[in-house]
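Working notes for the structure below.
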Amino acid sequence: MSIDQANQSAFERMTSARPILTAVDVAGKVIPDLGERMLLHAGPPIGWDRMSGPLKGAVIGAILYEGWAEDEARAAAMAEGGEVTFEPCHHHQAVGPMAGVISPSMAVYVLENLTHGNRAFSNFNEGYGKVLRYGAYSTEVLDKLRWMNEQMAPVLAAALAESEGLDIRALLAEALHMGDEGHNRNKAGSLLFLKLLAPLVAKVAQDKATEERILQFVGDNALSVLNPVMAACKAMADAAHGVEGSTLVTTMARNGTDFGIRVSGLGDDWFTAPAPTPDGLYFSGFSAADANPDIGDSTITETAGIGAFAMAAAPAIVTFVSGTPRDAVTATLEMYEITTAEHPHFTIPTLDFRGTPTGIDLRKVVELTITPRINTGIAHREAGVGQVGAGLVRPPKEVFEQALIAYAERYEL
Amino acid sequence: MSSVVRSEIRSGAYADSIVLMQLQSALTRLPGVIDAGVVMGTKVNLDLLASSDLLPESAAAAGADDLVVVIKAESDEAAEGALGQIDSLLARRSTGGDSEHCPRSLAAAIKARPDSNWVLISVPGRWAAGVAREAVDLGRHVFLYSDNVPLEDEIQLKQEAASKGLLFLGPDCGTTIVNGVGLGFANRVRRGAIGLVGASGTGLQAVTARIHELGGGVSHALGTGGRDLTAEVAGIAAHETLDLLARDPDTRVIVLVSKPPAPRVAAGLLSAARATGKPVVVHFFDFAPPAHSLDNLHFTNSLSRAAELAVELIEGGAEPIAKAEIAGGEHRPSHLRGLFAGGSLAVEAQEGLRPFLTPLHSNVPIAGVERLADPTRSQGHTILDLGSDELTVGRLHPMMDQQLRIDRLRQEAADPQVGLLLLDVVLGYGAHPDPAAELVPAIEEIRREHELEVVAVVIGTEEDEQEISSQIERLTAAGARVFRTVTEATTYISRVLAARRPTGGTPVALDVLSSPVAAINVGLETFYDSLTGQGVETVQVEWRPPAGGNAQLTSILERMKG
């Protein structure tokens, strides 16, 4: 099979995947091989000593949340002393935004790919402000986590059990026609999510107060749907992974220190380089000096053909990249040059309903020296401060070059 | 006045030379700057910098993919200030605000404009072949301006294009006018009925401009690239374009212009020009024409004369010569064997045929004709002087004794590659009393047994005792085509054999000349500007060296394409 054919096959697997949100369950119960004292994190593998501020904060928060340690100092000592194992979410069919820390007792969304049978998982989105994913671990943060996992999760689990499952691919396709690009802008998708959940929640909620709080929480958070969307993208990308000879990129992820990619035909090897700092707009009071290097698994959206790749669908957020609506179109047009084909389900009205550029081809990235565009939030470099801006980042080109060289070795070119 | 020199090297930052020049001139206008150098760090460029005293040690190690900026200034501050402005000066080129997407690859450009039929390539030579190959693979006609393209790439690409019925003009093709649109460097000239093929860009410009000045007009002017008529490339593009103009109903007169062609290539091209039947004005530099004109061929000795002659031919109502006379023999054997009794006639025959038949062999070769290894065995096209000493040992001269010639005629006729026999019949005192009496039975026998043509040159007068009219009459009745001069005979032969040349490749469809030009420009933005200035739909590809010029990665990518 030629490389083109292998890529076509991987592309077809990616785009024919049909991820359905079927359940909410406890991470330790459903995520394969999630150990008892194990924390999953965003991006490629990393040890405590090299973790950036936000990831360290999230790890401490998760240890405290699990009750493995009484206080911050003890939690840090555990992490440092090897009492806790760290593994990438990506090694466990999971993804998480920003720090992306998932601990065994946290609730997770369960996505099932109807087409290929694989599953994917993501944690819940905590909304804005002081949140674990940006490394905050104050009492207030942990209290909110408890409410989400102990109060909201059982209701959502029961609600989903009442349904046939929510078709996240269909939701995304619709959201792209409503001004979302699925990564930085999920306003429309989150409202669609609320619309789907509301009657189910109303049906199963034991009391009005809980129902009201859940619906308010989901509706107030314009990122509510980001986590199920990421898990859906993960299910699509995993379906495309492992096609012999394919140069399709199936993972792009950052841990706040390194940027890593994996490639369909190159097994589970990561190719990593130092994560760059995003270019973007900062909230008032913050500047580039406050920014942490790029972090999070949310680049799974670009990997699956949305996010910055669908920028032309989301002119409302072009100001994040200090541009004009025309620049949004240009951004998407550029991504067609490095992708395999156009998505059959995700289309862009302003481009005459052309499919989004999907399936990053390692060869094209290296040959044309065009790295993928990524829309991203910017985390403060210190644990717990939170989001300080949003903007654009591109992976270091070295990761693609390394992967190309590895491909040549593996396939004896 | 004291001065400082500062430099900056930007690794892998490719920019085309026009951008570099604009940057250089903008830098030199900055306050305190005495001089500036902005180049890609090739050996040649670094030497140039050194010769202008603009190569500090810090820049000497730059490589060919590095952008080198050197500032000579009155002070450190001025130098550093200038270096600090590089980015903003480069950015000034793109008009701010909305950005138009510029595709970075040919594939993306073609996707954006699927109706594009031409690809113009002006990237540095070592990458040009890669871009050109992609263009040919994508089924587009190519105008390749870049030079320094390896010869083997040129040959392979031209053969590939020819097999697909695509035009491949270049490398090092400066000028083309197709369907009224100038590609590369071209003059604005009136449309008309004169079509040009040129292995010389400025040659084409000179002729087209002169035609315009004389009131004539140009149908198309197709450049082939400077190396097309070398022995190695063998005129692939010249044959392709000549064939196209021959079939083009809008072209009534053709002009062929070339830098000094390889003799064999010139011969092949002149034969092809003969076969077009259209009047063809030929101007090859450093080339001795066989005659002032020959059938439809007209030789000139200057570019301006070529233009004048072409215009005169149009004004004189140029008509193609009758095709009937020369057509229909493409698959017939095409080797000529000339068996001469007269030594000087054998020499004149060589002179007349040398421009068209190569290699030509003889036992008495003139310059440019190859010596037969064994005079008793002919090879390819051969002109024999049967009166030469080594063949007449112990026998009478063939002017008197026809037997030697008749034996040799039979020997030649038996060679299946031979399609034409040429012989002379010299009358007069001392000659055979009735050559026809011996030759006619032999000719009749040969023509019965073999499908070949016999051409005879009869030299003599009505006063001669052999009676020339009777000789001619009997030879003609035997099936020979008889001429009274060698020139007439060789003109006829080269015309007939021109029509028998095998034609290779897939003919280029005529619509390349009639469809509106829609172009993709890879390289120099000036070409993009001049195309859009002519109202041509053009997509500019923002080309960069593949993999940033990294040799290891480029080689892997190349292998992945295999």
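Worth pointing out:
- Residue under evaluation B:THR538, criteria (1) β-branched (Val, Ile, Thr); (2) in contact (Cβ under 8 Å) with a residue 40 or more places away in the chain; (3) away from chain A (no Cβ under 14 Å); (4) surrounded by 16 or more Cβ atoms within 10 Å (Cβ to Cβ), criterion not met: (2)
- Taken together, A:ALA314, A:ALA308 contain a single residue that is touching a helix residue (DSSP H, G or I) at 6+ places or on another chain (Cβ under 7 Å), crowded, with 24+ Cβ neighbours inside 10 Å, farther than 24 Å from A:HIS90 by Cβ and away from every other protein chain (no Cβ under 14 Å), which is A:ALA314.
- Scanning segment A:57-79 for residues that are crowded, with 18+ Cβ neighbours inside 10 Å and either farther than 17 Å from A:LEU145 by Cβ or modelled with pLDDT under 95 (or both) yields A:MET78, A:ALA79.
- Out of A:PRO372, A:PRO357, A:PRO344, A:PRO349, one residue alone is more than 13 Å from chain B (Cβ to nearest Cβ), under 21 Å from the mean Cα position of the chain (by Cα) and of a type outside the set (Phe, Trp, Tyr). It is A:PRO372.
- Considered as a group, the residues in segment A:378-403 that are in a helix (DSSP H, G or I) and among the acidic types (Asp, Glu) include one that is most open to solvent (accessible area, probe 1.4 Å), and that residue is A:GLU398.
- Answer from A:ASP143, A:ASP49 - the residue that is under 29 Å from A:GLN216 (Cα atoms), surrounded by fewer than 18 Cβ atoms within 10 Å (Cβ to Cβ) and acidic (Asp, Glu): A:ASP143
- Scan of segment A:1-16 for residues that are within 14 Å of chain B (Cβ to nearest Cβ), of a type in the set (S, T, N, Q) and part of a helix (DSSP H, G or I), ordered by number: A:GLN5, A:ASN7
- Just one of the listed residues (B:GLU525, B:GLU467) is open to solvent by 10 Å² or more (accessible area, probe 1.4 Å), away from chain A (no Cβ under 14 Å), of a type in the set (Asp, Glu) and in contact with a strand residue (DSSP E or B) (Cβ under 7 Å, 6 or more places away or on another chain), namely B:GLU525.
- Of all residue pairs spaced 6 or more apart or on separate chains, those with beta-carbon atoms under 6 Å, a first member in segment A:137-149 that is modelled with pLDDT of 95 or more and a second member that is of a type in the set (Ser, Thr, Tyr) are A:LEU142/A:TYR65; A:LEU145/A:TYR65.
- Residues (in a strand (DSSP E or B), surrounded by fewer than 24 Cβ atoms within 10 Å (Cβ to Cβ) and not hydroxyl-bearing (Ser, Thr, Tyr)) located in segment A:280-298: A:GLY280, A:LEU281, A:ALA291
- Helices (runs of 4 or more DSSP H) (entirely within segment A:128-227) containing at least 1 residues that are within 22 Å of the chain's Cα centre (by Cα) and within 30 Å of A:THR332 (Cβ to Cβ): A:168-176, A:187-204, A:208-220
- Residue within segment B:543-555 that is open to solvent by 50 Å² or more (accessible area, probe 1.4 Å), within 10 Å of chain A (Cβ to nearest Cβ) and assigned to a loop (DSSP other than H, G, I, E, B) present: yes
- Candidates B:GLU438, B:GLU444, B:GLU449, filtered to the one that is under 20 Å from B:PHE340 (Cβ atoms), acidic (Asp, Glu) and open to solvent by 60 Å² or more (accessible area, probe 1.4 Å): B:GLU438
- Exactly one residue out of B:LEU384, B:LEU423, B:LEU404, B:LEU339 is part of a helix (DSSP H, G or I) and buried (at least 17 other Cβ atoms within 10 Å of the Cβ): that is B:LEU404.
Residues are listed down the side, and each one gets a yes or a no for (1) in contact with a helix residue (DSSP H, G or I) (Cβ under 7 Å, 6 or more places away or on another chain); (2) in a loop (DSSP other than H, G, I, E, B); (3) without any contact (Cβ under 8 Å) to a residue 60 or more places away in the chain:
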site	(1), (2), (3)
B:ALA13	no, yes, yes
B:SER25	no, no, yes
B:PRO31	yes, yes, yes
B:ASP35	yes, no, yes
B:GLY63	no, yes, yes
B:ALA79	no, no, no
B:LEU83	no, no, no
B:ASP87	no, no, yes
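- Residue ID - nearest to A:THR115 (Cα to Cα), chosen from residues in segment A:18-46 that are surrounded by fewer than 17 Cβ atoms within 10 Å (Cβ to Cβ) and touching a His at 6+ places or on another chain (Cβ under 7 Å): A:PRO32
- Conditions (1) modelled with pLDDT of 95 or more; (2) within 14 Å of another protein chain (Cβ to nearest Cβ); (3) open to solvent by less than 10 Å² (accessible area, probe 1.4 Å): number failed by A:ALA406: (3)
- Residue satisfying all of: in segment B:20-64; of a type outside the set (A, V, I, L, M) and closer than 21 Å to B:LEU524 by Cβ; modelled with the lowest pLDDT among these: B:GLN22
- Any hit, segment B:498-507, residues being at pLDDT 95 or above and surrounded by fewer than 21 Cβ atoms within 10 Å (Cβ to Cβ): no
- A residue that is closer than 24 Å to B:PRO375 by Cβ and part of a helix (DSSP H, G or I) occurs nowhere in segment B:459-478.
- Residue within segment A:205-216 that is open to solvent by less than 40 Å² (accessible area, probe 1.4 Å) and closer than 25 Å to A:GLY100 by Cβ present: yes
- Test: residue in segment B:159-169 that is assigned to a strand (DSSP E or B) and either within 14 Å of the chain's Cα centre (by Cα) or of a type in the set (S, T, N, Q) (or both): yes
- The numbered conditions (1) at the interface with chain B (Cβ under 10 Å from one of its Cβ atoms); (2) under 24 Å from A:VAL249 (Cα atoms) are all true for A:ALA328 except (1).
- Being among the β-branched types (Val, Ile, Thr), open to solvent by less than 10 Å² (accessible area, probe 1.4 Å) and in a strand (DSSP E or B) is a description that does not apply to B:VAL233.
The values are calculated or read from the model by the stated rules, or taken from the named source; none is laboratory data. None of these values were measured; they are calculated from a predicted model. Backbone-built Cβ (ideal geometry, glycine too); neighbour counts: all protein chains shown. Please note that ligands, DNA and RNA were not included when accessible areas were found on the heavy atoms of the full protein model with its side chains. Shrake-Rupley method; radii C 1.70, N 1.55, O 1.52, S 1.80 Å.
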